Amino acid sequence: MDALTGHVLYEQNPQLRIGPASFVKILTLYLVFDAIRAGQLKMDEMVTVSEKAWRIQGSKMFIKVGDRVKVEDLLKGIAIASGNDSCVAIAEHMAGTEDVFVSKMNEKAVSLGMKDSKFMNSHGMPAEGQVTTAMDMAILAKRYMEDHPEAMPLHSTTEFVYNGIKQGNRNTLLYRNNGVDGLKTGHIEESGYHLLATAKREGQRMISVVMGCNKVSTRTRESLKLLEYGFRNFSTVEAVKKGTSFGPVKVKRGKENSVTLSAAETLWVTVPKGKEKSVSATPQLPPSVIAPIQKGQALAKIVVQNDGKVVMEARLISSSEIQKSRIPPWPVLVGIIVGLVVLGFAGLWWFRRPKQKKYSLNG
């Protein structure tokens, strides 16, 4: 998948439901970074480790019951060491119980459009009914990186030391000079070895999702093949740049006679290499608009085509505020003037008309 456009470049069984394993941790991290962004959680906030968090099986950060651990360290434990104990600790701290936190995870998944996923815990250990798909994981990765680019340094870190224990990142692609800077590995016996990888080269970012492999080397090899396929065969073209100006457009009944419009967002299109010039963007401007106009108000659109086929659209918004003029529009003004002239002539005629003589009836 092209991370900028969401365009799927290659797929095989994208809707096949499978146990997500530690891919779940990306959604857990998503909620944590959401809370930090909202001011509900701080990096240096201390989290007390419960017995439930300490007892969880699988990969661990090796925290102990009663330990007070910084949120920042728990994030490293999740992203780098894939600590199940870290996930439970932060989930309980944020929501009171892991079950409540998992409910929020599922709500988030629905809001992201992950229609084939269901989560039962915060870490990915086998649980009845816990499933996802390669497509849903690609969607999750795309949105996570868009919303929280500040999380990426965590995923590209190759080792983590806590309490004197050094653990390496299980994503072996990070150790090669290939542009890979994330994102998450996963493994459970029920579904095999997974790798959700992302790489960036010359401004272009790709996402690959490989699930259900029989060994680590296979998931690594297949992920690299997918990323290389994307970079070698496709280009990401900037069709419209946010803020680009269009117009001016005539304004009626405003204090200004015209307004300039600008693109509300940047639009990208993925095309096969060599087909970059097939992308075009055409603004569809109205002949005029009527005041008042608010700054940022949508007044038109720009249509992006690839090989003559419409692929997306963006709003064109007002670059400035235009207030309504206190002077009436010219047809009304002309009508008023004509009316006044008519009244003037009528008044003049009234005063200058011949007056009838009055006769007395006496005598």
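In region 95-135, how many are at negative phi and under 15 Å from the mean Cα position of the chain (by Cα)?
Result for region 95-135: 6.
For region 192-210, enumerate the residues that are in contact with a Leu (Cβ under 8 Å, 6 or more places away or on another chain) and not basic (Lys, Arg).
Leu195, Leu196, Ala197, Thr198, Ala199, Gln204, Met206, Ile207, Ser208, Val209, Val210
Condition test on Glu228, is it among the acidic types (Asp, Glu), surrounded by fewer than 19 Cβ atoms within 10 Å (Cβ to Cβ) and in contact (Cβ under 8 Å) with a residue 60 or more places away in the chain?
no
Suppose the filter is farther than 21 Å from Ser59 by Cα, crowded, with 21+ Cβ neighbours inside 10 Å and free of Cβ contacts under 8 Å to residues at least 40 places away in the same chain; does Asp136 pass it?
Yes: the conditions hold for Asp136.
Checking Ala141 against (1) touching a residue at least 12 places away in the same chain (Cβ under 8 Å); (2) surrounded by fewer than 19 Cβ atoms within 10 Å (Cβ to Cβ), which test does it fail?
(2)
Would you check if there is a residue in region 321-344 being at pLDDT 95 or above, surrounded by 15 or more Cβ atoms within 10 Å (Cβ to Cβ) and touching a Gly at 6+ places or on another chain (Cβ under 8 Å)?
yes
Please go through region 258-271 and pick out each residue that is more than 17 Å from Phe234 (Cβ to Cβ) and in contact (Cβ under 8 Å) with a residue 60 or more places away in the chain.
Val259, Thr260
Out of the residues in region 239-258 that are under 24 Å from the mean Cα position of the chain (by Cα) and loosely packed, with under 15 Cβ neighbours inside 10 Å, which is nearest to Ser280 (Cα to Cα)?
Lys241
Of the numbered conditions (1) among the hydrophobic types (A, V, I, L, M, F, W, C); (2) closer than 21 Å to Val32 by Cα; (3) in a helix (DSSP H, G or I), Phe160 satisfies every one except a single condition; which is it?
(3) is the only condition that Phe160 fails.
Among the candidates Glu202, Glu150, single out the residue that is at pLDDT below 95 and of a type in the set (D, E, K, R).
Glu202
Working only within region 205-226, note down all residues that are in a strand (DSSP E or B) and among the hydroxyl-bearing types (Ser, Thr, Tyr).
Ser208 - this is the single residue of region 205-226 that is in a strand (DSSP E or B) and among the hydroxyl-bearing types (Ser, Thr, Tyr).
What pairs can you find where one residue is in region 168-179 and under 10 Å from Thr157 (Cβ atoms) and outside the structural domain of Met211 (by TED's automatic domain parsing), the other is assigned to a loop (DSSP other than H, G, I, E, B) and at pLDDT below 95, and their Cβ atoms are less than 7 Å apart, with a gap of 6+ or different chains?
none
Taking only region 272-328 into account, find how many residues are part of a loop (DSSP other than H, G, I, E, B), free of Cβ contacts under 8 Å to residues at least 40 places away in the same chain, touching a strand residue (DSSP E or B) at 6+ places or on another chain (Cβ under 6 Å) and under 27 Å from Asn233 (Cα atoms).
0
This table checks each residue for (1) within 14 Å of Ser122 (Cβ to Cβ); (2) modelled with pLDDT under 95; (3) crowded, with 19+ Cβ neighbours inside 10 Å.
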position	(1), (2), (3)
Met43	no, no, no
Trp54	no, no, no
Phe62	no, no, no
Gly66	no, no, no
Val69	no, no, yes
Glu72	no, no, no
Gly77	yes, no, yes
Ile80	no, no, yes
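Filter region 258-270 down to residues that are under 17 Å from Gln297 (Cβ atoms) and part of a loop (DSSP other than H, G, I, E, B), then give me how many there are.
Looking only at that region, the number is 2.
The values are calculated or read from the model by the stated rules, or taken from the named source; none is laboratory data. For clarity, every value in this text was computed on a predicted model and none was experimentally measured. Glycine also receives a Cβ, built like all others from the backbone with ideal geometry; neighbour counts cover every protein chain displayed.
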